[in-house]
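Student: Below you'll find the structure I mean.
The values are calculated or read from the model by the stated rules, or taken from the named source; none is laboratory data. A quick note: this is a predicted structure, and the numbers were derived from the prediction, not measured. Cβ placement follows ideal geometry from the backbone for every residue including glycine, while neighbour counts extend to all protein chains displayed. For accessibility, only protein heavy atoms count, side chains too; no ligands or nucleic acids. Shrake-Rupley method; radii C 1.70, N 1.55, O 1.52, S 1.80 Å.
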Amino acid sequence: MRIHILGIAGTMTAPLAVSLKKQGHQLSGSDQDKIYPPISTVLKKAKIKINLYDITPDIDLCIIGSSYKSFETTKNEFIKIKKIKIPYLSATQYISQNLVKKESIVIAGSFGKTTISSLVSWIFLQAKKKPSYMFGGEPKNKYPAISFSTSDYSIIEGDESIHGLDKQAKFLSYKPKYVILTSADWEHKDCYSSASKNFNTFKKFIQMLPKDGLLVINNQSVSAQKLSDFSQAEVVTYNSPQSDYFIDKINIKNNFTTLIINTPTGLIKVDTQLIGQFNFENILAAVALCDSLKIKKNYIQKAVFSFRGVKRRLELVANHKNILFFDDFAQSTTRIKSTLLALKNHYPNKKIKVLYLAHASFNQYKNSLQGLDDAFKPADEIILGPLKYNPKINKKDRTTASDYKLILKSKLIYLPLKKQIIEYYKHN
């Protein structure tokens with residue numbers, strides 16, 4: 001089958017393209033003119049041709065990624081696709097129809113989804129369950145981010161965003177039977193006009209769970225606790241001393257950390273190469289689900305220890321003269337705080353200097369900066385890079401560099417040009 005993907009450079013669509021190519025399909029795609037690593041590298045390695053702008057009637061199927069409206073070329077391609085009547089569907093619909101199974105596991109929430117989804121997938125793979133799975137990141141263990149199988153199990157990172165052709169939250173298409181819910185914060189302000197609309201979408205998602213399903217909730221999240229009231233499935237809690245699953249002891253060593261986890265059937269000890277309290281909580285969530293689904297403890301222990309994490313999630317990318325360079329995807333205040341506290345706790349004697357690129361869509365709203373001063377408290381210096389500008393946002397609601405300066409004060413240095421950033425770090 002010849003398949004063309006609009007918006008092929010997305011975290012969902014790029015690995016989907018690679019997987020479909022491996023299945024024997026003929027793949028092509030289009031996106032913005034400049035595509036950067038790691039996605040550009042992944043597509044090039046798979047020998048998938050992109051940006052040829054060659055929409056012809058011999059295409060059997062078009063898969064439409066969520067970003068296709070962002071670029072004139074892909075918008076024009078979509079018009080042509082409809083004009084010559086090529087069958088098309090959204091990437092979310094394709095995943096729903098071809099990857100989701102009857103034993104559907106969905107990991108949802110406003111943080112931790114990618115790491116938990118990839119770890120649960122890794123545990124199931126080590127346990128020889130051969131699941132279908134999908135998550136939006138590149139695992140450092142070198143297994144693909146999307147895999148289709150004949151197993152009854154599917155594991156999916158469930159996003160509440162609404163983009164592209166989708167008329168509802170992505171996770172509502174994944175027919176959940178088992179769910180991990182880390183939180184339900186109002187993060188996608190470009191998709192939901194109010195916190196209540198965001199909450200109601202999560203509520204609808206939780207109400208989809210069948211009676212023989214399972215809901216695993218983070219007991220430290222007030223929103224997750226409230227949503228558990230709408231579940232007709234069994235509820236399992238994690239992450240507080242009153243929970244079904246909680247971390248009893250943490251023993252940090254040079255090369256790994258030992259977590260002693262309290263479970264309903266006794267203690268389980270897991271060793272991990274990951275650092276930071278937020279990663280320990282991600283591991284706890286994965287252990288809670290897998291143990292509740294009767295995955296053998298020895299498989300869980302081996303998988304957790306061998307799991308190396310996901311790229312761009314507190315990833316150590318260089319060590320130059322004992323200066324450690326970490327790359328992290330954190331954008332929201334909660335994630336920034338978790339990331340910086342992880343570094344401060346693991347390297348208490350080192351200074352932390354941050355280059356912050358506030359590119360998430362929600363960062364363009366002034367109200368998204370609430371709590372940013374507390375989030376950046378562990379940092380000794382913050383360089384703020386170029387800000388995105390969306391003319392559709394009302395001027396009084398739109399974030400400016402002055403807003404950041406007002407909150408972060410003397411710690412902040414605003415450098416809007418890339419060459420300024422490079423020159424600054426050359427001399428500092």
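Student: With a sphere of radius 15 Å drawn around the Cβ of residue 36, what net charge do the other residues whose Cβ falls strictly inside it have (Lys, Arg +1; Asp, Glu -1)? It would help to have the intermediate numbers written out before the result.
Tutor: Details: positive: 34, 44, 45, 311, 312, 418; negative: 31, 33, 138, 327.
With Lys, Arg at +1 and Asp, Glu at -1, the net is +2.
Student: Let me ask another. For the range 55-64, just list the computed ³J(HN,Hα) in residue order, Karplus coefficients 6.51, -1.76 and 1.60, θ = phi - 60°, integers in Hz, with x standing in for Gly and Pro.
Tutor: So the J values, rounded to whole Hz, are 8, 10, x, 7, 6, 7, 7, 10, 9, 9.
Student: Rounded, prolate or oblate, given the Cα gyration tensor of the range 284-336, with a/c below 1.5 counting as rounded? All intermediate terms of the calculation are to be shown ahead of the outcome.
Tutor: Numbers: a/c = 4.46, a/b = 1.86, b/c = 2.40.
Oblate is the answer for the range 284-336, as a/c is 1.5 or above yet b/c matches or exceeds a/b.
Student: Counting other Cβ atoms within 10 Å, keep those with at most 10, restrict to DSSP loop, and tell me which trypsin sites (Lys or Arg not before Pro) in the range 118-167 are left. Write down the numbers at each step before the final one.
Tutor: Working: sites: 128, 129, 140, 142, 167; in loops: 128, 129, 140, 142, 167.
Answer in residue order: 128, 142, 167.
Student: Could you list the trypsin sites (Lys or Arg not before Pro) in the range 60-106 that lie in coil according to DSSP, counting only those with at most 16 other Cβ atoms within 10 Å of their Cβ? Present the calculation step by step, with values, prior to reporting the outcome.
Tutor: Details: sites: 69, 75, 80, 82, 83, 85, 101, 102; in loops: 85, 101, 102.
When the trypsin sites (Lys or Arg not before Pro) of the range 60-106 are filtered for loop state and at most 16 Cβ neighbours within 10 Å, 85, 102 remain.
Student: Where the only charges are on Cβ atoms (+1 Lys, Arg; -1 Asp, Glu), what is the dipole of the chain about its Cα centre, to the nearest 20 debye? Before the final figure, lay out each step's value.
Tutor: On the way: 63 positive and 35 negative charges, 159 e Å.
Roughly 760 debye, rounded to the nearest 20.
Student: With all protein chains present, how much of the accessible area of the range 125-208 (probe radius 1.4 Å) comes from carbon and sulfur, to the nearest whole percent?
Tutor: Numbers: 1670 of 3320 Å².
Carbon and sulfur atoms account for 50 percent of the accessible area of the range 125-208.
Student: Once you order the gyration tensor axes a ≥ b ≥ c over the Cα atoms, which shape class does the chain get: rounded for a/c under 1.5, otherwise prolate or oblate by comparing a/b with b/c? Mind dumping the intermediate values first?
Tutor: Values: a/c = 1.44, a/b = 1.05, b/c = 1.37.
In terms of gyration-tensor shape, rounded.
Student: Also, I was wondering about something else. Between residue 23 and residue 377, what is the label-to-label distance in nm when each label sits 7 Å out along the Cα-to-Cβ direction?
Tutor: The two pseudo-label positions are separated by 4.9 nm.
Student: With a point put 7 Å past each Cα toward its Cβ, work out how far residue 1 is from residue 46 in nm, to one decimal.
Tutor: A separation of 1.5 nm, rounded to one decimal place.
Student: Find how many whole Å separate the alpha carbon centroid of the range 302-361 from the alpha carbon centroid of the range 21-70.
Tutor: Cα centroid of the range 21-70 versus Cα centroid of the range 302-361: 31 Å apart.
Student: Additional query: As an exercise, identify the trypsin sites (Lys or Arg not before Pro) in the range 202-258 lying in DSSP coil whose Cβ has no more than 10 other Cβ atoms within 10 Å. Could you put the intermediate results ahead of the total?
Tutor: Numbers: sites: 203, 204, 211, 226, 249, 253; in loops: 211, 253.
Sites meeting the loop and neighbour criteria: 211, 253.
Student: Moving on. Is the shape of the range 371-428 rounded, prolate or oblate, going by the alpha carbon gyration tensor and its root eigenvalues a ≥ b ≥ c, with a/c under 1.5 for rounded and a/b larger than b/c for prolate?
Tutor: Details: a/c = 2.96, a/b = 1.29, b/c = 2.29.
In terms of gyration-tensor shape, oblate.
Student: Going by amide H atoms built from the backbone, whose H comes under 5 Å of the H on residue 263, apart from near neighbours?
Tutor: Close amide H contacts, sequence-distant or interchain: 268.
Student: Using a 1.4 angstrom probe on heavy atoms only, work out the carbon and sulfur share of the accessible area of the range 216-359 in %. Mind showing how you got there, number by number?
Tutor: On the way: 3640 of 7380 Å².
The C+S portion of the solvent-accessible surface of the range 216-359 is 49 percent.
Student: Going by amide H atoms built from the backbone, whose H comes under 5 Å of the H on residue 185, apart from near neighbours?
Tutor: Result for residue 185 returns 110.
Student: Give a residue-ordered list of calculated ³J(HN,Hα) values for the range 250-263 (Karplus: 6.51 cos²θ - 1.76 cosθ + 1.60, θ = phi - 60°; whole Hz; x for Gly, Pro).
Tutor: 10, 10, 8, 10, 5, 9, 7, 10, 9, 10, 9, 9, 7, 10
Student: What per residue convex hull volume, in Å³, do the alpha-carbon atoms of the range 14-149 yield? Please list the in-between numbers first.
Tutor: Values: hull volume 17.3 nm³, N = 136.
Each residue corresponds to 127 Å³ of Cα convex hull volume.
Student: Further question on the same structure: Going down the table (170/395; 113/344; 75/366), which pairs top 26 Å between alpha carbons? Each step should come with its number before you reach the end.
Tutor: Numbers: 170/395 30 Å; 113/344 23 Å; 75/366 30 Å.
Beyond 26 Å: 170/395; 75/366.
Student: Quick one: what are the phi-derived ³J(HN,Hα) couplings along the range 158-174, Karplus 6.51/-1.76/1.60 with θ = phi - 60°, whole Hz, x for glycine and proline?
Tutor: x, 9, 8, 6, 10, 9, x, 7, 5, 9, 8, 4, 3, 5, 6, 8, 9
Student: Taking amide hydrogens as modeled 1.01 Å from N in the peptide plane, which residues meet the under 5 Å criterion relative to residue 237, leaving out close sequence neighbours?
Tutor: 217, 244, 245
Student: In addition: Going by average Cβ density within 10 Å per residue, which order do the peptides 50-61, 360-371 take, highest to lowest? Let's see the in-between values first.
Tutor: Details: 50-61: 13.5, 360-371: 16.6.
Output ranking for 50-61, 360-371: 360-371, 50-61.
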